[in-house]
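The values are calculated or read from the model by the stated rules, or taken from the named source; none is laboratory data. Computed from a predicted structure; not experimentally measured. Cβ placement follows ideal geometry from the backbone for every residue including glycine, while neighbour counts extend to all protein chains displayed. Accessible surface areas use protein heavy atoms only, side chains included; no ligands, DNA or RNA. Shrake-Rupley method; radii C 1.70, N 1.55, O 1.52, S 1.80 Å.
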Amino acid sequence: MKNTSGRYQFLRAGIVAVFVLSLTSQSVFAAVETTAVSSLTNSAPMAILDGDSSTIWISKANDPQDITVDFGHPWLIRSVEIEWSKKFHSEYEVQLSTDGATWQTVANPMNIKKPENKLFFGYRLTVHKIEPSITAKGLRIRCLKSTNVLEIANLRINGRYPFCYDPVPADAICLDKAANPESRVKDLLGRMTVREKISMAGGFDFLFFHGIERFGFASVLLNDATSGLHLRPEVEREYSSISQSTSFPLAAALAATWQPELAFEMGKAIGEECRAAGTGVLLGPGVNIHRTSTCGRNFEYMGEDPYLASRLAVQHIKGVQSQKVIATIKHFVANNNEFVRYRSNAIIDERTLHEIYLPAFAAAVQEANVRAVMSSYNWLNGEKCGEDKMLLTDILRGELGYTGMVMSDWVQGTEDMTKILGSGQNIIMPGMKNFGQHIRALLEKDPAGTEKKLDAMITPTLRVLFEMGTWDRNPSDPAFKKTFAGHKTTARTIAESAITLLKNDQVLPLAQGQTILITGDQSAVTNASSGGGSGCVKGYDHINFYDGLKAVYGSAVTFDNNPSDETVKKADRILYFFKMDDQEGSDRSFDLPEKINQQIQTLAAKNPNVIVIATTGTGFGMPWLDSVKGLVHGYFLGQEYGEAMANVLAGKVSPSGKLPFTIEKSFADSPAYGYNLVDGKPWWPAKFPASVKAHTIDVPYSEGVFVGYRWYEAKKKPMNFPFGFGLSYTTFEMSDIKVSAKTVTKEKPVMVSVTVKNTGKVAGAEVVQLYVHDDEASVERPYRELKGFQKVFLQPGESKTVTIPLDWEALAFWDTKTHAWLAEPGSSTLLVGNSSQNVQCQARIDYK
C-alpha cells in the first residue's frame with residue numbers, strides 16, 4: 001500500500017490495480033508497484049475485490065471518492081455490478097477508459113431503481129449493463145456527491161470479481177478439453193492467483209460458483225432440487241435461459257413407486273432441463289432417512305429404509321449425470337428433523353450410523369459416482385457436519401472412497417472458520433462469510449503452506465468441473481427445450497405409479513354415472529403439487545384435483561368446501577382432500593388439526609361412502625380410519641397431480657404405490673417421540689426458541705438401528721399401515737420360491753426367484769419385496785430387513801417369475817470391533833411378500 005499526499009492510495013494483486021481517489025485526481029494510470037499478496041490482506045480498498053461479502057470498503061463521510069480498477073490489459077466489458085452494504089449511494093456514475101486518460105460515462109444510477117435482489121447476507125446489487133459492450137483498460141465508479149458514508153461489499157465485472165486479467169496462453173493445458181482432468185487442474189492451479197483460489201472456496205450471488213473469466217471459465221449456476229428446477233429469477237437474473245420448469249413428484253412419492261427405472265427417467269429429464277437452463281449443478285437428490293414422521297422435509301426424502309433409498313438415489317443420480325449435470329447427494333449426514341436444525345446435535349453410535357444413515361450416501365458414491373455432496377446443517381456427536389474432518393475426510397473420502405466436491409448447506413452450514421481448511425469441506429455456500437479473512441490472515445503467517453492447503457481445498461471442485469465438462473461448454477443449450485413436452489408425460493407416469501391405495505371397501509374405482517362430491521380445504525384441491533421450501537418447484541400447466549376429475553366425470557363432479565347435509569347425503573361418493581403443512585425449516589405434528597378430523601367424522605356419519613385423499617410426504621394420525629371406506633395417500637405429486645389422481649381413481653390406472661415408510665397409530669409409539677421437547681412441550685415453529693440460539697440441543701438416536709418398521713416390529717408397537725403396504729384394484733399371489741444355491745459366499749451371490757400371478761380381473765402391478773432374517777446373530781438385529789425388490793406388471797391371469805440377486809453384504813451388519821461389515825457364518829431366512837408384514841413365501845440360505 002502506498003499513500004501520496006493524502007489524495008489517493010493504490011493496491012495491486014496480480015494485474016488488477018485498485019485506486020481510491022479524490023475527485024481532484026489527475027491520472028489513475030500512474031506507475032504501479034508490485035505488492036506481495038501477504039501485504040494486501042488488511043487493506044480496506046481490496047475489500048471490494050476479494051469476493052467476500054463480509055468485508056466492506058467504507059468511504060469517509062462527506063469526502064467524495066472514486067474507485068478505479070486498472071485491468072492491465074484491454075478487456076471486453078459487458079456489465080458492472082455493485083454489491084452494496086447498508087449505505088446505497090444514489091449519485092454516482094460508472095465510467096470506462098480505453099486509454100487511461102479519457103473516461104466515458106456508461107451508466108448513471110439516477111435513471112435506475114434502487115438496489116434489488118436482497119440476499120441472505122443483507123447485501124444488495126445494482127446491475128449496470130454496458131450496451132453495446134466496450135473494450136476498456138480501466139473502470140471508475142465516480143461519486144458525484146457524498147452526503148453519507150459509502151459502503152461497497154464487492155465490485156463485479158461481467159458478473160465476476162476482477163481478480164486478475166493476465167492473459168492466458170492459448171496452449172495452456174487447462175484450456176485443452178482433450179487433456180485429462182488431473183493435468184488440467186495441476187496446470188490451472190499453477191496459473192491462478194491466490195485471490196482467484198480464495199474465490200473458489202466460496203459461492204456468490206446465492207446460487208453460483210465462481211468462474212475465472214480470463215481462462216474462459218464461466219460462473220456455474222446451481223439449482224434445487226430432487227424434483228426439478230426451483231427457478232429463482234430474482235437471483236439468476238438473465239443467466240438462466242428458461243422461465244419455467246417441470247414440477248416432478250417429490251422424493252417421497254418417487255420412493256412410493258418402488259421403481260428405480262423411473263428414478264433414472266426423472267433424473268435424466270431434470271438433467272435435460274438443467275442443460276436448457278444453464279444449470280451446472282443440481283442440488284439433489286435428498287436421501288435423509290425418515291426417522292420421525294413429523295420431519296417437515298420428509299417429502300423431499302426417500303423413506304425410512306436405507307436399501308430402498310439407495311436404489312432410488314443411485315438411479316436418480318445416474319439419470320441427472322447422464323446429461324453431464326453434477327448431481328448433489330444431501331444432506332450429509334443425519335439431517336433427520338427440522339427442529340432447531342442449525343443447533344440440533346444427533347447422537348448416533350457407530351453401528352447405527354453405518355447401517356441406517358450412511359448406506360444411501362455410500363451407494364451414491366460407489367455405484368453412481370455422484371460428483372457433489374452437500375454437508376448438513378446439524379451437528380453429529382458434538383461436531384458441526386460442515387466442519388467435521390472425521391466425517392468429511394475420514395469417512396466420506398477415506399472409508400467411502402469419495403473423490404468429488406463437498407459444499408456446505410446454505411448460510412448456517414459452517415460456523416467456525418478455523419476448522420474448515422483441511423476438514424474436507426470444499427465450498428462454503430452461498431458465500432465465504434469470514435473465511436476469506438481467515439485465509440488472508442494465514443497467508444501473512446505462512447504464505448506457501450497456506451496456499452498449499454488452499455490448493456487441496458479447491459482441487460476437488462476444479463476436477464469435477466473439468467470431469468463433467470461444465471467449463472468446456474456454453475452453460476445453456478436451447479436444444480434441450482425440445483425435451484420438455486415429454487417430461488410432462490414422465491411426471492404423470494411417476495405420479496400414477498406413486499399413488500398408494502391404503503383402504504378400499506368397494507368404493508373405488510369411481511364409476512361413470514355416480515355423483516361425486518369433492519370437499520375439504522380448497523388449497524388441498526387446487527394447490528397440492530409440493531411442500532414448501534427449497535425443494536418446491538413451481539411447475540407449469542398444473543392440473544388440479546378438481547379439474548382432473550372434471551375432465552373424466554364432467555358435471556357429475558362438484559366441489560363444495562362447506563356442503564349442506566342434503567348435498568352430503570345425496571352424493572354417491574365423497575372425496576375429502578386434505579394437505580399437511582410440510583415445509584423446510586420446521587417440523588409438524590403427527591396429528592391432523594382437529595378441524596379436519598371432525599369434518600371427516602361428520603361426513604362419514606352422514607354418508608357411508610367417504611374416501612379420504614391425503615397430500616403429505618409422510619405419515620399422519622387417522623382417528624377416523626374405521627369410519628371411512630377409502631383412503632388414498634397422494635404424497636406431493638408435482639404439476640400432474642390432478643390428472644394422475646383422476647386416472648387412478650377412475651381405474652384407468654390400477655394403483656401400485658407402496659408406502660416407503662410406516663404409518664404408526666400414535667406418535668407416542670415412535671422411536672423419536674420426545675425429540676423436540678422444549679420446557680416439556682413439543683416445539684413445532686420454524687423460529688428457534690430463545691433458549692437454544694447459543695448452544696446445541698442433543699437429539700439422542702437411542703433406538704439405534706431399530707428405525708421405522710424395524711422398531712415397530714421389535715417393540716410390538718401397533719401400526720395403521722406397515723412399510724411396503726399398498727392395495728390394487730386386482731389381487732396377486734406369490735409362490736414357488738427358489739434359490740439358485742444353498743450357500744452364499746463373498747465370491748458367489750445367489751439368485752432368489754418367485755412366481756407372481758395376477759389372480760384378479762384387471763391389469764395391475766405388484767411389488768415383490770425380499771427381506772432377510774438372521775436366524776442367529778451375536779448382536780441384536782432387526783427381525784427383518786429389506787434387501788431386494790422388483791415391481792412386476794401383469795395382465796389378468798398372467799404369471800411371471802421375478803428374480804432378485806442376493807450377495808453376502810445383504811446378510812452383514814456393521815461390526816464395531818473391526819469397524820467393518822461382518823456376515824457371520826450360519827443360516828438366514830428369506831421372507832418374500834408384498835409388505836413388511838405380509839410374507840407369502842420363504843426359504844433358508846446359509847453363509848460360509
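Worth pointing out:
- Qualifying residue in the range 741-755 (condition: part of a loop (DSSP other than H, G, I, E, B), open to solvent by less than 60 Å² (accessible area, probe 1.4 Å) and of a type in the set (S, T, N, Q)): yes
- Across the range 379-430, the number of residues qualifying as surrounded by 17 or more Cβ atoms within 10 Å (Cβ to Cβ), among the polar types (S, T, N, Q) and touching a His at 6+ places or on another chain (Cβ under 8 Å) comes to 0.
- Test result for Tyr553, among the aromatic types (Phe, Trp, Tyr), surrounded by fewer than 14 Cβ atoms within 10 Å (Cβ to Cβ) and either more than 25 Å from Lys658 (Cα to Cα) or within 30 Å of the chain's Cα centre (by Cα) (or both): no
- One residue from Lys481, Lys445 being closer than 25 Å to Ile326 by Cβ and out of contact with any Pro (no Cβ under 6 Å at 6 or more places or on another chain): Lys481
- Hey, Ala686 open to solvent by 30 Å² or more (accessible area, probe 1.4 Å), in contact (Cβ under 8 Å) with a residue 40 or more places away in the chain, within 29 Å of Trp711 (Cβ to Cβ) and in contact with an Asp or Glu (Cβ under 9 Å, 6 or more places away or on another chain) or not: yes
- Filtered by the rule that a residue be part of a strand (DSSP E or B), open to solvent by less than 40 Å² (accessible area, probe 1.4 Å) and in contact with a Lys or Arg (Cβ under 9 Å, 6 or more places away or on another chain), the range 729-738 gives Phe732, Met734.
- Lys433 being more than 21 Å from the chain's Cα centre (by Cα) and assigned to a helix (DSSP H, G or I): no
- Among the residues of the range 187-212, those identified as in a helix (DSSP H, G or I), under 28 Å from the mean Cα position of the chain (by Cα) and surrounded by fewer than 24 Cβ atoms within 10 Å (Cβ to Cβ) are Glu196, Lys197.
- Selection count where residues are on the phi > 0 side of the Ramachandran plot and either touching a strand residue (DSSP E or B) at 6+ places or on another chain (Cβ under 6 Å) or of a type in the set (Ser, Thr, Tyr) (or both), scope the range 433-454: 0
- Considering residues of the range 240-270 that are of a type outside the set (D, E, K, R) and surrounded by fewer than 24 Cβ atoms within 10 Å (Cβ to Cβ) only, the residue nearest to the chain's Cα centre (by Cα): Phe264
- Here the condition is being at pLDDT 80 or above, of a type in the set (Val, Ile, Thr), in contact with a strand residue (DSSP E or B) (Cβ under 8 Å, 6 or more places away or on another chain) and closer than 19 Å to Tyr165 by Cβ; of Thr105, Thr98, it holds for Thr98 alone.
- Unique match (being open to solvent by 10 Å² or more (accessible area, probe 1.4 Å) and either under 30 Å from Ala276 (Cβ atoms) or over 29 Å from the mean Cα position of the chain (by Cα) (or both)) among Leu175, Leu222: Leu175
- Residue-level check: of (1) at pLDDT below 95; (2) surrounded by 15 or more Cβ atoms within 10 Å (Cβ to Cβ), Glu584 misses just (1).
- Check on Leu188, more than 30 Å from Leu312 (Cβ to Cβ), touching a residue at least 12 places away in the same chain (Cβ under 8 Å) and not β-branched (Val, Ile, Thr): yes
- Total residues in the range 127-184, condition modelled with pLDDT under 85 and in contact with a Cys (Cβ under 9 Å, 6 or more places away or on another chain): 1
- Residues (out of contact with any Phe, Trp or Tyr (no Cβ under 7 Å at 6 or more places or on another chain) and either crowded, with 21+ Cβ neighbours inside 10 Å or not charged (D, E, K, R) (or both)) located in the range 360-378: Ala360, Ala362, Ala363, Ala364, Gln366, Ala368, Asn369, Val370, Arg371, Ala372, Asn378
- In the range 192-217, the residues that are farther than 19 Å from Leu175 by Cα form Cβ pairs under 7 Å with partners that are part of a strand (DSSP E or B) and of a type in the set (S, T, N, Q), at six or more places apart or across chains, as follows: Leu207/Asn223.
- For Ile613, the conditions (1) assigned to a helix (DSSP H, G or I); (2) under 37 Å from the mean Cα position of the chain (by Cα); (3) not small (Gly, Ala, Ser) all hold with the exception of (1).
- Here Gly386 fulfils each of the conditions (1) in a helix (DSSP H, G or I); (2) over 16 Å from the mean Cα position of the chain (by Cα) apart from (2).
- The set of residues in the range 498-520 that are more than 20 Å from Ser555 (Cβ to Cβ), open to solvent by 10 Å² or more (accessible area, probe 1.4 Å) and touching a helix residue (DSSP H, G or I) at 6+ places or on another chain (Cβ under 8 Å) comprises Lys503, Leu508.
- Selection from the range 554-590 of residues that are outside any loop (DSSP other than H, G, I, E, B) and out of contact with any Ser or Thr (no Cβ under 9 Å at 6 or more places or on another chain): Gly554, Ser555, Asp565, Glu566, Lys569, Gln583, Ser586
- The range 811-848 - residue that is touching a residue at least 60 places away in the same chain (Cβ under 8 Å) and of a type in the set (Ser, Thr, Tyr) and, of those, most open to solvent (accessible area, probe 1.4 Å): Thr816
- From the options Pro623, Pro655, residue that is surrounded by fewer than 21 Cβ atoms within 10 Å (Cβ to Cβ) and either within 27 Å of Thr294 (Cβ to Cβ) or in contact (Cβ under 8 Å) with a residue 40 or more places away in the chain (or both): Pro623
- In the range 235-276, the residues that are assigned to a helix (DSSP H, G or I) and more than 26 Å from Gly788 (Cβ to Cβ): Val235, Glu236, Ala269, Ile270, Gly271, Glu272, Glu273, Cys274, Arg275, Ala276
- Here is the figure for the range 760-773: residues that are over 35 Å from the mean Cα position of the chain (by Cα) and surrounded by 14 or more Cβ atoms within 10 Å (Cβ to Cβ) total 3.
- Being in contact with a helix residue (DSSP H, G or I) (Cβ under 6 Å, 6 or more places away or on another chain) and either assigned to a loop (DSSP other than H, G, I, E, B) or closer than 19 Å to Glu350 by Cα (or both) is true of Tyr402.
- Positions within the range 696-710 being open to solvent by less than 40 Å² (accessible area, probe 1.4 Å) and more than 30 Å from Ala763 (Cα to Cα), in sequence order: Ile697, Val699, Tyr701, Glu703, Gly704, Val705, Phe706, Val707, Gly708, Arg710
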